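Down below is the structure, laid out as structure tokens.
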Amino acid sequence: MCIRCGKCCSNLDVPVTYEDEKRLKEYGDVFTRGKIGLYLKKVGGRCVFFRDGQCTIYNKRPEACKRYPFYFRCFGDDDALFCVGDVRLYVYIDPECSGIGRGENVERVIVELLKSTIKIRCC
Ligand code: SF4
């Protein structure tokens, strides 16, 4: 459960997918190129969209933000494997997130996340 601490909006570099880029380019110069693609820019050590303690584009935020603190991999440990339909993904949780353990049942949240992102390309 998000406790609105804002740590993830300052501590992490947010990757931007092609769909995110299309959705957010109306905001202008908000991207920076990293080693493996585009990321959201930071201003004063925080995401360019984080102001007054909150996300100013919450409904349009990047996929990585919607999934946080979960992240998906196409390979990993057996106990991280989740299968929804034909999709098999390894799901991990950022242990730095202060909201861990405060929300709903984690497995149910993961399955819902996977269902909503089933269109992602899997290896
Ligand atoms: S887009 Fe919003 S949720 Fe994502 S890091 Fe920036 S301020 Fe935080």
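The values are calculated or read from the model by the stated rules, or taken from the named source; none is laboratory data. Not measured: the values here are computed from a predicted model. Positions of Cβ are generated from backbone atoms using ideal geometry, with glycine treated the same way; all protein chains shown enter the neighbour counts.
Go through the stretch 1-30 and give me each residue that's free of Cβ contacts under 8 Å to residues at least 12 places away in the same chain and in a helix (DSSP H, G or I). Walk me through it before giving the result.
Start the filter on the stretch 1-30 by keeping residues that are free of Cβ contacts under 8 Å to residues at least 12 places away in the same chain, which leaves 18, 22, 25-26, 28.
Scanning the stretch 1-30 gives Y18, K22, K25, E26.
Regarding A80, is this residue in contact (Cβ under 8 Å) with a residue 40 or more places away in the chain and either within 10 Å of the ligand (Cβ to nearest atom) or assigned by TED's automatic domain parsing to the domain that holds E112 (or both)?
Details: in contact (Cβ under 8 Å) with a residue 40 or more places away in the chain: no; either within 10 Å of the ligand (Cβ to nearest atom) or assigned by TED's automatic domain parsing to the domain that holds E112 (or both): yes.
In short, no.
Residues checked against (1) buried (at least 17 other Cβ atoms within 10 Å of the Cβ); (2) assigned by TED's automatic domain parsing to the domain that holds I3:
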| residue | (1), (2) |
| --- | --- |
| D13 | no, yes |
| L24 | yes, yes |
| G34 | no, yes |
| F75 | no, no |
| V106 | no, no |
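Which of the following residues is aromatic (F, W, Y) and either surrounded by fewer than 17 Cβ atoms within 10 Å (Cβ to Cβ) or farther than 25 Å from L113 by Cα (or both): Y39, Y71? I'd like the intermediate steps shown before the answer.
Working: Y39 fails: either surrounded by fewer than 17 Cβ atoms within 10 Å (Cβ to Cβ) or farther than 25 Å from L113 by Cα (or both).
Answer to the selection: Y71.
Output yes when any residue across the stretch 44-63 is more than 14 Å from the ligand (Cβ to nearest atom), of a type in the set (D, E) and under 15 Å from the mean Cα position of the chain (by Cα), and no when none is. Give the steps one after another, and end with the answer.
Step one: filter the stretch 44-63 for residues more than 14 Å from the ligand (Cβ to nearest atom), giving none.
No, the stretch 44-63 contains no residue that is more than 14 Å from the ligand (Cβ to nearest atom), of a type in the set (D, E) and under 15 Å from the mean Cα position of the chain (by Cα).
Within the stretch 110-122, can one find any residue that is within 15 Å of L12 (Cα to Cα), within 16 Å of the ligand (Cβ to nearest atom) and within 15 Å of the chain's Cα centre (by Cα)?
Our first condition is that a residue be within 15 Å of L12 (Cα to Cα); within the stretch 110-122, this holds for none.
The answer is no; no qualifying residue exists.
Within 16 Å of the chain's Cα centre (by Cα), closer than 21 Å to E104 by Cβ and more than 10 Å from the ligand (Cβ to nearest atom): does that describe L89?
On the way: within 16 Å of the chain's Cα centre (by Cα): yes; closer than 21 Å to E104 by Cβ: yes; more than 10 Å from the ligand (Cβ to nearest atom): yes.
Against the criterion (within 16 Å of the chain's Cα centre (by Cα), closer than 21 Å to E104 by Cβ and more than 10 Å from the ligand (Cβ to nearest atom)), L89 qualifies.
Out of the residues in the stretch 62-79 meeting the condition of being more than 18 Å from C97 (Cα to Cα) and not acidic (D, E), tell me which one is modelled with the highest pLDDT.
Initial filter on the stretch 62-79 (more than 18 Å from C97 (Cα to Cα)): 73-79.
From the residues that got through so far, the ones that are not acidic (D, E) too are 73-76.
On the way: R73: 88, C74: 87, F75: 91, G76: 94.
Among residues in the stretch 62-79 that are more than 18 Å from C97 (Cα to Cα) and not acidic (D, E), the one modelled with the highest pLDDT is G76.
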